[in-house]
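The next block holds one structure in the form of structure tokens; read it before the comments.
The values are calculated or read from the model by the stated rules, or taken from the named source; none is laboratory data. Source: prediction; values computed, not measured. When we count neighbours, we look across all protein chains shown, and the Cβ atoms used for this are built from the backbone with ideal geometry, even at glycine.
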Amino acid sequence: DAVVYWMRMADLRISDNHALSLASSQAKKEEIPLIVLFVISPQDYKAHDRGSRRIDFTLRNLTLLRDSLASLNIPLHTITHDVRKTLPAAVLSLLEDWNCTSLYGNIEYEVDELRRDILVCSLAKSKGVNANFVHNKCIIEPGVVKTKESKSYAVYSPYQRNWISVLNENLDRYLKDYPKPHSNIDGIRDSNNRFSKLFDTEVPEYVPGFELDQDDKKIMANVWPAGEEIAHKIIDRFLHSKSRTSQMGAVDPLTDGAENSDKASRINKYGQDRDNADRDTTSRLSPYLSAGVISVRECVRATLKIQKSNKVDGSRETGIGRWVQELAWRDFYTSVLASFPRVSMGRPFLEKYAIVEWEAHQEAGDAGGNDIENLQRWKDGKTGYPVVDASMRCLRQMGWMHNRFRMITAMFLTKDLMIDWRVGERFFMQQLIDGDLASNNGGWQWSASTGVDPCPYFRIFNPYSQSIKVDPKGDFIRQFVPELSGLRGPDLHNPPASVAKKLGYPLPIVKHEESRQRALQRFKDAGIKK
Ligand code: FAD
């Protein structure tokens, strides 16, 4: 007999892992082996626009996990199964081979994944395997924080207020630290044990179809090193070390270690510094949270430790509170995804905007619509709008962008270029190392004014004033748009045509004021037609 924990792309850790912890307790109680299974599923990755960087990050984390698990005598068995439809049957057949009595996994809330797991549960039942799927991704699982009418929230602020009180009333439950797995039974590695060969399974270097070129692989390993230990160092850096002006690049948690300068620490200054997108002031934990390399509960527990408090601060007035509010956004968007599954099926939350007329649209794929050239210029960071171009080139180079730059570029695509938000959502997912369907969809639908609690369609960012506001000295633009590295002042944010021409920098592909009017009209028309 054996107990199996099925590890997924969003729970790549040993510590504070709900399903793993339960699986391990049961294996210990019954004195039977625990096996960890990971299924690489290229067809799934393709269908869900998983980027090569995210896959590479997964494999790098799995390689470390394999060793940490092996030190507890627990095998990590990695298989590749291409065909999505037959994946549940393939997993069940492995479980049968292993005489598995119980299967554990953490719930994934995306529609396809929920459907897959429902099928797994019914197949497991028919084979006498006890399947258990538990909540782990969020601090408070979807479905708990509800309105007075017992409905799901579609507006963030009241959700957040309720969320913080539910959390503070049930700290033991929602901030529980699930114990690390026990060592596996003695003798599992002995040559006569039928599970011993599972320790020989290697984690592949790459997944065919998702290879990273060698230079990119090196950059990613430098900027986003893998492993739980690193993730903990990154949060320590955010909680304890001072803010500093810095170019975007590697997080460098080792040299920028804890200084214990609490008042000036990054987190305490987060409230005032978080929108200074030109500086490295946010936690930079999103890749680790999205892949589950660090637990979101651990992040909140860490804030309690530095405050020496037993009440979570979720206020706007403190840096800690503002940061906790961002973690609440993550819970909120996951809860939206679980409550309104249409958002993960390519539909707008506000259905009236399903008929907005886009210049390039999703149904026809990247090749659809009229404005393919503009789409390509946006992707390449060659729109002639320095802040947009710097942000898109940052995305290409780092696989990551500051939240404000994500908003600016998403708003530019959907309002200035009037290109379907789903096209941008897809491109971000393919490029981001922290790609998460719920947060990415939430961010895109916010910017496109089609989502829950969206930016109203008539509040269109002006890329020039945004640029001056969030990158006042222009350091960010100069770092990512080398053509403009010699410019200072207003010219940098909006280069005059003669200067741009001389520097080989493109002229703006649209006129902001004209495209703004077009967007207003298109949204008005959609509202009226409805
Ligand atoms: P911090 O400011 O330190 O925040 C801490 C954590 O809170 C983040 O790591 C993240 O987990 C969470 N968080 C912060 N802001 C948000 C937010 N607005 N929505 C949801 N969670 C948030 N975030 C992703 O993790 N994956 C995505 O695919 C993603 N796509 C986005 C697309 C668009 C168009 C927009 C506007 C936002 C998107 N975000 C996404 C949210 C946000 O931009 C990133 O989480 C944030 O920039 C990560 O940087 P950080 O870890 O330094 O964040």
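Checking each residue in the range 231-258 for being within 18 Å of Thr303 (Cα to Cα) and either aliphatic (A, V, I, L, M) or modelled with pLDDT of 90 or more (or both) picks out Ala231, His232, Lys233, Ile234, Ile235, Asp236, Phe238, Leu239, Ala258.
Gly384 meets each of the listed conditions (1) surrounded by fewer than 24 Cβ atoms within 10 Å (Cβ to Cβ); (2) closer than 22 Å to Gly346 by Cα apart from (2).
Only one residue in Met411, Met407 is under 18 Å from the mean Cα position of the chain (by Cα) and of a type outside the set (Ser, Thr, Tyr). Which one? So the residue among Met411, Met407 that is under 18 Å from the mean Cα position of the chain (by Cα) and of a type outside the set (Ser, Thr, Tyr) is Met407. Taken together, the residues in the range 483-515 that are within 16 Å of Trp358 (Cβ to Cβ) and of a type in the set (Lys, Arg) amount to 0. Here Asp453 meets each of (1) surrounded by fewer than 24 Cβ atoms within 10 Å (Cβ to Cβ); (2) of a type in the set (D, E, K, R); (3) part of a helix (DSSP H, G or I); (4) more than 8 Å from the ligand (Cβ to nearest atom) with one exception, condition (3). Condition first: surrounded by 22 or more Cβ atoms within 10 Å (Cβ to Cβ) and more than 11 Å from the ligand (Cβ to nearest atom). Can you find one or more residues in the range 421-437 that meet it? Checking the range 421-437: at least one residue is surrounded by 22 or more Cβ atoms within 10 Å (Cβ to Cβ) and more than 11 Å from the ligand (Cβ to nearest atom).
Listed by first and then second residue, the pairs with beta-carbon distance under 7 Å, at least 6 apart or on different chains, first residue in the range 44-55 and under 17 Å from Tyr288 (Cβ atoms), second crowded, with 19+ Cβ neighbours inside 10 Å and of a type in the set (Ser, Thr, Tyr), are Ile55/Tyr45. Tell me, please, whether a residue that is within 11 Å of the ligand (Cβ to nearest atom), surrounded by fewer than 24 Cβ atoms within 10 Å (Cβ to Cβ) and among the aromatic types (Phe, Trp, Tyr) can be found in the range 458-467. Looking through the range 458-467, none of the residues is within 11 Å of the ligand (Cβ to nearest atom), surrounded by fewer than 24 Cβ atoms within 10 Å (Cβ to Cβ) and among the aromatic types (Phe, Trp, Tyr). In the range 116-135, the residues that are within 9 Å of Pro88 (Cβ to Cβ) never reach a residue that is of a type in the set (Lys, Arg) and buried (at least 19 other Cβ atoms within 10 Å of the Cβ) with C-beta atoms less than 6 angstrom apart, at least six apart or across chains.
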